[in-house]
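Just so it is clear, none of the values below were taken in a lab; they were calculated from the coordinates. This structure is a prediction, so every number in the text was calculated from the model and none was measured. In this analysis, Cβ positions are derived from the backbone assuming ideal geometry, glycine residues included, and neighbour counts consider all displayed protein chains.
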Amino acid sequence: MTNPLNRRQFIQLGGGAVVVAGLGACDRDGVGRNAAGTLPTASAPNVTAPVITTATTTAAPSTTIATTGGTSFDGRRLVVVQLNGGNDLLNSLPPTDSRYRDLRPTIAIPEADIVTLSGLGDAGLHPSLSGLARFWDVGQLALVRGIGFEVPNRSHFVSMDRWWRADQLSEAGWLGRVLDGLPAEPSPLFATALGGGAPLLNGRGVQPTVITSPGSFRWVGFDPRWLSAMGDDGADLAGMAVTRSNGRFRPSPTSPRSPVVRPLQRICPPVRAEQPFLKGCRSQHSYWQQTRARRWSWSALEASTHTPTS
Amino acid sequence: MLGEAAPSTDLWDDSLLPYDPRDRPSRQYAINGWLATMIGTDRPLVDRVAWMWHGHFVSALDKVKIARLMVIQARLFRSAGLGNFRELVRAVTLDPAMLLYLDLRDSTGGQPNENYARELLELFTMGEGNFSEEDVQAGALALTGWTLQREGGVTFVPRRHADVSVHYLGVDGVHDLDTAIDAVMAYEALPLFIASTIAQELLGIAAEPLVERLAAEFVESDFDIRSLVQAILHAGLTGETAPVVLAPVPWFVMACRVTGARPTSKVVQLLRAAGQLPMLPPNVAGWPGGPAWFGANSLVARANLAALIAAATPAGEVLAAAEGDDSALLATVLGLPIDDFSDESIAALAAAPAGADRLAVALITPEFLIA
């Protein structure tokens with residue numbers, strides 16, 4: 001943990017997703033340190049309001065996290081690292097409360113191993129997280145405990161949906177909303193997800209560029225220039241990266257179009273997201289009157305009329 | 001009537017599928033075998049519906065580990081996927097891979113495991129919001145006692161079963177697998193959820209009045225999946241469809257079927273890059289569908305796959321059409337409407353060298369990617 005994470009290490013975080021976005025509009029000191037007060041109370045299970053804990057020291061910010069290429073916004077990036085899966089809060093931030101040891105006679109972190117954080121009296125860090133202590137000491141670490149929602153229903157999927165959408169289930173991802181609000185995307189790689197998909201970065205009109213590995217942008221046996229006639233420069237990474245999935249359904253008026261997505265818009269004019277699909281927009285092609293016996297989905301029709309007995 | 005339920009022979013050789021969680025080659029073999037089976041099938045609907053159930057009643061090889069059990073589950077979807085939904089739910093509940101994947105085999109009266117009971121309601125039959133936490137707990141108790149023996153044998157062990165009567169989904173006296181499934185099937189949210197899921201998956205149909213009608217007919221047919229699929233296809237025939245983005249696997253299978261190509265190397269690698277491999281869904285909710293498939297790296301992988309398929313396409317009418325400049329002919333031999341290609345797609349086709357390269361472009365045009 002003492003070395004800055006580099007991009008390759010990010011990419012190797014296979015189980016999670018890393019989200020990088022330039023946020024030029026943000027106040028320089030606003031991200032991650034806007035909760036100045038220390039709230040050192042231990043959180044009970046199912047507490048709805050998160051307990052935000054920060055060190056009060058301030059120091060000059062230092063960028064130790066690599067960012068992906070693209071537009072510079074005063075050199076600043078917002079990086080969100082999401083580790084999918086469950087986390088055991090009580091052993092990540094072992095409380096000093098004696099009930100912790102009473103209730104975990106065998107798996108509690110030994111007291112001697114707990115990394116203490118200056119100014120935080122009710123909990124410390126798991127020894128594996130000791131590398132975070134130096135960020136705490138310079139005021140660059142905040143700990144949020146007891147996140148949840150009222151009447152938790154224990155559905156993984158609903159819980160993650162709330163997490164990604166900042167508890168507003170009818171809205172887009174909380175960072176995606178930022179993208180939707182931009183007058184124009186500064187670059188195709190302005191908002192990039194490394195690793196898996198990142199629903200928190202999905203806007204209504206703008207989708208992030210998802211990069212599972214650099215190799216996944218390598219063309220093999222296919223010359224992307226062939227696609228340039230479809231309207232965009234597909235010849236390089238950026239050209240392909242602007243392939244925004246949602247463009248077909250409800251594009252941002254300013255978002256770039258990909259070789260594939262632009263023609264789709266002609267076929268299917270943009271529709272509002274709450275209309276799942278534009279009904280019948282391809283019926284003009286009279287698909288069902290055409291021969292598509294060998295097309296997989298449609299070949300169901302063939303099966304319906306020519307049934308071999310067996 | 002639609003095709004008989006009995007599917008064409010699958011291509012898995014059981015002798016290559018030991019009941020051994022450490023046997024890694026059999027995992028690759030199981031995945032390849034399913035792709036080959038779908039490409040070679042003479043009952044495409046059977047295989048299309050089996051694939052749909054795989055994304056619905058999800059199990060995953062990375063947890064199940066024994067490839068043989070995943071193959072058994074795939075065979076269940078192929079043989080029973082167009083049968084009665086009640087029977088399918090019962091069979092899935094006792095499917096060996098599912099017993100492992102959602103932990104029902106470890107669920108006992110003393111320590112009921114709620115994983116399967118929860119997903120049975122949330123993902124498999126009615127959707128979140130239609131049941132309570134108490135229903136999940138009650139269902140978990142009713143489903144205890146089923147466990148897995150060596151070599152995939154499923155057995156009921158009475159002493160592992162919670163011998164209690166519970167209130168489940170508004171029904172009293174639920175106490176075992178069959179009474180639990182009866183309660184699930186009687187629940188009013190089920191028909192709409194299943195009709196909506198299948199209509200959306202197959203034809204992109206989401207119009208409420210139509211889905212409600214399909215749901216009502218589903219109940220009238222006593223949950224006959226074949227009738228439901230037939231009704232959905234008829235709705236498609238009358239134009240009530242919407243565009244469906246083909247997921248990588250259905251797209252790959254369709255492209256191989258239509259071109260006659262049987263690419264061998266790199267397929268799994270590229271399908272993984274495109275975001276979808278049989279038997280390896282990302283989580284119990286299956287693959288996210290629709291526009292999520294248009295991520296940039298996924299499309300690059302598809303373009304590379306298209307090149308792979310085109311290069312493996314044998315001489316024939318498809319390749320001959322790609323040798324020429326007649327886009328209408330190319331559309332026709334690819335099973336598209338004769339005037340389907342847009343001006344932009346036609347320009348892209350013209351930009352590619354005639355032959356396999358042009359065919360590769362055709363396979364990733366929007367017209368071919370969207371069903």
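In deg cm²/dmol and to the nearest 500, what is the mean residue ellipticity at 222 nm of chain B if only DSSP H runs of at least 4 residues count, each as -39500 (n - 2.57), divided by the residue total?
-15500 deg cm²/dmol
Sorting A:141, B:82 on the 10 Å Cβ count, fewest up front, what's the list?
Sorted ascending by nearby Cβ count, the order is A:141, B:82.
Using a 10 Å cut-off on Cβ to Cβ distances, tally the other chain neighbours for every residue of B:239-247 and report the average as a whole number.
On the way: counts 9, 3, 9, 11, 10, 2, 5, 3, 0.
Shielding by partners across B:239-247 averages 6.
Using a basic spin-label model with each label point 7 Å from the Cα along Cα→Cβ, how many nm lie between residue A:97 and residue B:186?
4.4
Which whole-number percent gives the relative contact order of segment B:256-371, counting Cα pairs below 8 Å spaced six or more residues apart? Each step should come with its number before you reach the end.
Values: 129 pairs, mean separation 32.6, N = 116.
The normalised contact order for segment B:256-371 reaches 28 percent.
Average partner chain C-beta neighbours within 10 Å, per residue of B:267-275?
Whole-number average of other-chain Cβ neighbours for B:267-275 is 2.
Going highest first, how would you order B:44-56, B:323-335 by mean Cβ packing within 10 Å?
Sorting B:44-56, B:323-335 by mean packing, highest first, produces B:44-56, B:323-335.
Considering chain B as a Gaussian network with a 10 Å cut-off on Cα pairs, which listed residue, B:312, B:261, B:348, attains the greatest mean-square fluctuation?
Ranking B:312, B:261, B:348 by mean-square fluctuation puts B:348 first.
Compute for segment B:126-226: radius of gyration divided by Kirkwood radius, i.e. Rg/Rh, restricted to C-alpha atoms, rounded to two decimals.
Ratio of gyration radius to Kirkwood radius for segment B:126-226: 1.07.
Average partner chain C-beta neighbours within 10 Å, per residue of B:222-233?
Values: counts 0, 0, 0, 0, 0, 0, 0, 2, 2, 0, 1, 7.
Mean shielding count: 1.
Exposure proxy check: A:106, B:365, B:241, B:147 ranked by fewest other beta carbons within 10 Å? Please list the in-between numbers first.
Working: A:106 4, B:365 29, B:241 26, B:147 18.
Lowest to highest Cβ neighbour count: A:106, B:147, B:241, B:365.
Would you please put A:126-139, A:74-87, B:219-232 in order of how densely packed they are, using the mean number of other Cβ atoms within 10 angstrom per residue and starting with the highest? Could the numbers behind the result be given before it?
Numbers: A:126-139: 15.3, A:74-87: 13.3, B:219-232: 18.4.
Highest mean packing first, the order is B:219-232, A:126-139, A:74-87.
Just the number: Rg to Rh for segment B:7-83, Cα atoms, Kirkwood Rh, two decimals.
Using Cα coordinates only, the ratio equals 0.95.
Helix hunt in chain B: which complete DSSP H runs extend at least 15 Å axially by C-alpha with mean Kyte-Doolittle at least -0.5?
B:25-40, B:44-56, B:67-80, B:189-203, B:208-220, B:225-237, B:248-259, B:296-311
Counting pairs of alpha carbon atoms under 8 Å apart in space and at least six apart in sequence, what relative contact order in percent does chain B give?
14
Give the peptides B:66-72, B:83-89 in descending order of average Cβ contacts within 10 Å, highest first.
The peptides rank, most packed first, as B:66-72, B:83-89.
Once you list every other residue whose beta carbon is under 12 Å from the beta carbon of residue B:119, what net charge do they have if Lys and Arg are +1 and Asp and Glu are -1?
-2
To the nearest 0.05, how large is the calculated FRET efficiency for residue B:343 and residue A:112 if R₀ is 56 Å and r is the Cβ-Cβ distance?
Using R0 = 56 Å, I get an efficiency of 0.15.
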